[in-house]
Amino acid sequence: MKLSPKLSGAALAFCLAMSATAAWAQAPVAKTCPDGLPAETKCMAGQDINGAYYWIAIPKAWNGTLVLHTHGGPRLKKPKPDDAIEDLQRFAVTVAEGYAWAGSNYRREGYGVRSAAEDSDNLRKLFWENYGRPKRTILHGQSWGGNVAAKTAELYGKDADGSLVYDGVILTSGVVSGGTRAYDFRADLRAVYQYYCGNHPEKGEAQYPLWQGQPVGSKLTNKELDERVNACTGVDLPAGQRTVQQRRNLANILAVTRIPERTLGSHLSWATFTFADMVNKRLDGKNPFTNIGVVYKGSDDDKALNKGVIRFKADPEGVRKLADDSDLTGKLLVPTLTMHAIDDPTAFVELEQVFHDTVAKAGKSDLLVQSFTDEHEHSKLATPEYAALLRAMTAWIELGTKPSPATLAVGCAEAAKTYGEACHFQVDYKVPALSTRSYPRAKPGLK
């Protein structure tokens, strides 16, 4: 890069930074495909201009459509070059169905929906530049990646000339409510857990507001947190080995927070380490959570609980920042399909009700079809169900044939002949309101 001697110091620094960035950006490099992909699939990997690692897989009999995958999390460990392999293998059905697959691991660890959305769309551009514009481009977001995919479609769904960039969006097990509504129950968990257990933080440790997750510089590990949870509740012990007090603590915490026992530790971990990343690094220390006015129910003494539980009030700026980063407008541009397990223990199915209402308020319900299964998992549902979604989305885009839960079930039964797994669509299921799972509350600046 040739620099003019007339450049100012600031301009010179900027040019040098851009030059350095371009120096380590990588075009796709051929890689050996991981196990589980069809024979003769071509795999490539690299790093984009912002440092985000990515993987691409193109089947031999490519149907001309790209599926751009946005992964869940948010992952708190520093990204590594091959992290996306896990996502590629989990959703290898995409390649088996004839679609090209591309997934970014995002430029950095931690929370940040807009940042992840930008990285995902950058990978879309990189694919188009290297392999030509596909016949169709579909977004597939999983878990927190459902929030990312929906945000990507909103922010980058049109070119400068107004033409559509993406042709369809598929959101599975998605955090589709946006951040200001998705994590209230975990803030409640911190308060309720501390009321019964009093060990997070412990009395001898530096005290901090629970909504912060962890104070800056904390050395607490996941293992240490698990030990505290087990000491208080015995959740890792067989039920018969728990003390009377542990059984009482566990029963009250689960009943009040409405969290499944099997994911109690995971949710408390997210309410610790993910909250710390979100608040300390992304929201400038501002609190987006409140439990003012929440009346907790289900314990063996609700009156004492509501009198003694720690209360915290949201900062309007914290709410605004989180809403700007992650909340959705519902202004769909293209056909959008969702699939969610009714007993999802991680991203509760009731989040779909928020998405439904947001889209309806925006007047875009004609572009949304939501489907539900009677499964009990989050990270991966039955393989033929994803095949059914992909096939239905293609028909909706190509033929204008809008699917329904019933036609998805029929399509899944057909796909099951190939993949040998049962289908679980519940075509008549009506998703309950989020307020039946997460206590409603008013937040400053949030409608």
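The values are calculated or read from the model by the stated rules, or taken from the named source; none is laboratory data. All of these numbers come straight from a predicted model, not from anything done at the bench. Reconstructed Cβ throughout: ideal geometry from the backbone, glycine too, with neighbour counts over all protein chains shown.
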### Entirely in the range 68-153, the helices (runs of 4 or more DSSP H) that have 3 or more residues that are out of contact with any Pro (no Cβ under 7 Å at 6 or more places or on another chain) and without any contact (Cβ under 8 Å) to a residue 12 or more places away in the chain
113-131
### Task
List the number of the failed condition for residue 172; all other conditions in (1) over 25 Å from residue 325 (Cβ atoms); (2) in the same structural domain as residue 377 (by TED's automatic domain parsing) hold.
(1)
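Yes or no, residue by residue, for (1) in contact with a Gly (Cβ under 8 Å, 6 or more places away or on another chain); (2) of a type in the set (S, T, N, Q):
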{"residue": "383", "(1), (2)": "no, yes"}
{"residue": "393", "(1), (2)": "yes, no"}
{"residue": "396", "(1), (2)": "yes, no"}
{"residue": "399", "(1), (2)": "no, no"}
{"residue": "420", "(1), (2)": "no, no"}
{"residue": "425", "(1), (2)": "no, no"}
{"residue": "440", "(1), (2)": "no, no"}
{"residue": "443", "(1), (2)": "no, no"}
### Message
If I ask for residues that are closer than 15 Å to residue 279 by Cβ, aromatic (Phe, Trp, Tyr) and part of a helix (DSSP H, G or I), which ones from the range 179-212 would you list?
### Response
211
### Task
Exactly one condition in (1) exposed (fewer than 15 other Cβ atoms within 10 Å of the Cβ); (2) assigned to a loop (DSSP other than H, G, I, E, B) is not met by residue 366; state its number.
(2)
### Message
Taking the conditions exactly as written (closer than 23 Å to residue 73 by Cα, in contact with an Asp or Glu (Cβ under 8 Å, 6 or more places away or on another chain), touching a residue at least 40 places away in the same chain (Cβ under 8 Å) and charged (D, E, K, R)), does residue 375 satisfy them or not?
### Response
yes
### Candidates 205, 227 - the one that is free of Cβ contacts under 8 Å to residues at least 24 places away in the same chain, of a type in the set (Asp, Glu) and more than 21 Å from residue 257 (Cα to Cα)
205
### Task
Would you mind telling me which numbered condition in (1) of a type in the set (Ser, Thr, Tyr); (2) assigned to a helix (DSSP H, G or I); (3) buried (at least 22 other Cβ atoms within 10 Å of the Cβ) residue 435 fails?
(3)
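In the range 86-108, how many are more than 17 Å from residue 386 (Cα to Cα) and crowded, with 20+ Cβ neighbours inside 10 Å? Spell out the reasoning first.
Initially, the range 86-108 is screened for residues more than 17 Å from residue 386 (Cα to Cα), giving 104-108.
Add one more test, that the residue is crowded, with 20+ Cβ neighbours inside 10 Å, and what stays is 104-106.
Counting residues in the range 86-108 that are more than 17 Å from residue 386 (Cα to Cα) and crowded, with 20+ Cβ neighbours inside 10 Å gives 3.
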### Residue under evaluation residue 287, criteria (1) assigned to a loop (DSSP other than H, G, I, E, B); (2) out of contact with any Pro (no Cβ under 9 Å at 6 or more places or on another chain); (3) crowded, with 19+ Cβ neighbours inside 10 Å, criterion not met
(2)
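Condition check ((1) outside the structural domain of residue 210 (by TED's automatic domain parsing); (2) of a type in the set (Asp, Glu); (3) in contact with a Pro (Cβ under 9 Å, 6 or more places away or on another chain)) across all residues:
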| site | (1), (2), (3) |
| --- | --- |
| 303 | no, no, no |
| 308 | no, no, no |
| 314 | no, no, yes |
| 343 | yes, yes, yes |
| 355 | yes, no, no |
#### Entry: Residue within the range 127-138 that is under 18 Å from residue 336 (Cα atoms), surrounded by 24 or more Cβ atoms within 10 Å (Cβ to Cβ) and not polar (S, T, N, Q) present
yes
## Note on the structure
When the range 335-356 is checked residue by residue, the ones that are closer than 24 Å to residue 396 by Cβ and touching a helix residue (DSSP H, G or I) at 6+ places or on another chain (Cβ under 7 Å) are 335, 336, 337, 338, 339, 340, 351, 353, 354
### Task
Could you list all residues from the range 300-329 that are under 18 Å from residue 354 (Cβ atoms) and polar (S, T, N, Q)?
326, 329
### Message
Based on this model, can you work out whether residue 111 counts as over 17 Å from residue 34 (Cβ atoms), of a type in the set (Ser, Thr, Tyr) and surrounded by fewer than 20 Cβ atoms within 10 Å (Cβ to Cβ)?
### Response
no
### Query
How many residues does the range 300-340 hold that are surrounded by 15 or more Cβ atoms within 10 Å (Cβ to Cβ), of a type in the set (S, T, N, Q) and within 29 Å of residue 176 (Cβ to Cβ)?
3
### Task
Could you please find all residues in the range 329-348 being assigned to a loop (DSSP other than H, G, I, E, B) and either without any contact (Cβ under 8 Å) to a residue 40 or more places away in the chain or under 30 Å from residue 423 (Cα atoms) (or both)?
330, 332, 333, 334, 335, 342, 343, 344, 345, 346, 347, 348
### Query
Looking at (1) surrounded by 21 or more Cβ atoms within 10 Å (Cβ to Cβ); (2) touching a Phe, Trp or Tyr at 6+ places or on another chain (Cβ under 9 Å); (3) not assigned by TED's automatic domain parsing to the domain that holds residue 260, which is the one condition that is false for residue 141?
(2)
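Output the residue which, of all residues in the range 427-438 that are under 21 Å from the mean Cα position of the chain (by Cα) and of a type outside the set (Val, Ile, Thr), is nearest to residue 306 (Cα to Cα).
It comes out as 438.
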